[in-house]
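The structure appears right after this line, and notes come after that.
Every read-out reported here was derived from the displayed coordinates using simple, explicitly stated rules and does not represent laboratory data. All of these numbers come straight from a predicted model, not from anything done at the bench. Every residue, glycine among them, receives a Cβ derived from its backbone with ideal geometry; neighbour counts consider all protein chains shown.
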Amino acid sequence: MVENTIHATQAIVTLDVPIQGIVWGSIITVNMWAKSIGTGVVFLAAYLLYRHKKESMPNLRWIMPVIAFIALNVFLLFTLIDLHQPYRMIHIFTHPHWTSSITVGAWLASLFLGLVTVLLLIGVADAFPTLGGKNCKLSALARNNSAVYEKIMPFLVFLAIPVTTYTAIIMAQSSARELWQAPTEVMQMLWAAFMAGSAALILVSGSWSKEARKDLAFVLTIAVFFSFAMYMSEYFFSFKSSEAEATLAFVHAGGAYNVEFWTGMTLGFIIPFFLGLSTIKSDNITLLRLAAILALVGLFLVKDVWLKIPQMLPLS
């Protein structure tokens, strides 16, 4: 704010006042949640294509890039919405500064989305050969290059790792946010990708083989277990950092975010763990889909709390 103006020199004296309250809100939660889905389906699709014949998962080659394409565009859309001046995003590509995590992440995410789009064209053309008519050049080109799909997948999996984790680096660079430590945030985002990716593919796996669904149930169960363990380790062992302890007071008993945090933990981690265990043997598609839906809902709630509570502490 302007404190005073010196008319003789036209100098303006200002006071730097920190922004109080939550700056990164639910818009960023949607950003991270959608990114976890978009990258997670790539991880899981690569794993399933390696483990099983594509005939046992008839729609995987086209449904995976469709889910990834939609989720990644939601991720990018909400990134733009959060910017105070969205047109500044253009400067990331026209005048890039490669020491910035945001610049590197934006370029990687754009390249990642471009490769997903190529897989989308190939996969849809293979699955729907008459799409666009017999003389459709785009469909013919995609069908004739179906082998390109397998060649792109390793690069896509490699890119999915930095794309899903670079936000953790940005969060760790935030001043006085002890809870957002890079090592833990990186692992949390990787586990979130495995959770969201397995959950999203479970919802479209009705026509798949029993063995493929069991693999998805196993990955979902393992992902929710280790993700829950990481959150609980920080929840109960934060006493070494006074700032982290003060931050987590917002989710301790009586805290402002206590109900939302434990609702998310119960819905997204505890219940899906037991449902996943039961469906590994029984192959109950109804219970497995319920576990997937709960995991996605709970992951969003917990991510939302974990993003907001460090911002509740004043910086001075």
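Cβ crowding within 10 Å, taken as a proxy for footprinting-reagent exposure, orders L48, L313, L80 from fewest neighbours to most as L80, L313, L48. With a Förster radius of 30 Å applied to the beta-carbon distance between S282 and M230, the computed FRET efficiency rounds to 0.60.
Given an 8 Å cut-off on Cα distances and at least 6 residues of separation, report the relative contact order of the chain as a percent.
On the way: 416 pairs, mean separation 69.0, N = 316.
After rounding, I find 22 percent.
Taken along the Cα-to-beta-carbon direction at a fixed 7 Å, the label points for H95 and T266 span 5.2 nm. For segment 216-222, backbone phi angles converted through the Karplus equation (6.51, -1.76, 1.60; θ = phi - 60°) give residue-by-residue couplings of 5, 5, 5, 5, 4, 5, 5 Hz, Gly and Pro being listed as x. Pairs from the table (K53/K303; K214/K303; K53/K281; K54/K281; K35/K210) lying more than 30 angstrom apart at Cα are K53/K303. As a rough guide to protection, the peptides 29-37, 161-169 ranked by mean Cβ packing within 10 Å, highest first, stand as 29-37, 161-169. Using C-alpha pairs under 8 Å with a sequence gap of at least 6, the mean separation divided by the residue count of segment 25-173 gives a relative contact order of 31 percent.
Electrostatic tally near Q188: other residues with Cβ closer than 11 Å to its Cβ, Lys and Arg +1, Asp and Glu -1, net -1.
The HN-Hα couplings worked out from phi for segment 248-254 by the Karplus form 6.51 cos²θ - 1.76 cosθ + 1.60 (θ = phi - 60°) are 6, 4, 6, 10, 6, 4, x Hz, whole numbers, x standing for Gly and Pro. Angle of helix 285-308 to the longest C-alpha principal axis of the chain, folded into 0 to 90 degrees and rounded to 10: 20°.
Order these by the 10 Å Cβ neighbour count, fewest first: M189, M232, M153. Walk me through the numbers before you get to the answer.
Working: M189 22, M232 12, M153 19.
Least to most surrounded, the residues fall as M232, M153, M189.
Axis of helix 60-82 versus longest Cα principal axis of the chain: the two differ by about 10°, to the nearest ten degrees. What do you get for the angle between helix 26-51 and the principal long axis of the chain? Use alpha-carbon atoms, 0 to 90 degrees, nearest ten. Taking Cα atoms only, the helix is inclined about 30 degrees. The computed semi-axes √(5λ) of the Cα gyration tensor in Å for the structure shown corresponds, within (1) 27, 24, 20; (2) 39, 28, 14; (3) 38, 20, 19, to (2). Cβ-to-Cβ counts within 10 Å put I67, I152 in ascending order as I152, I67, the fewest first.
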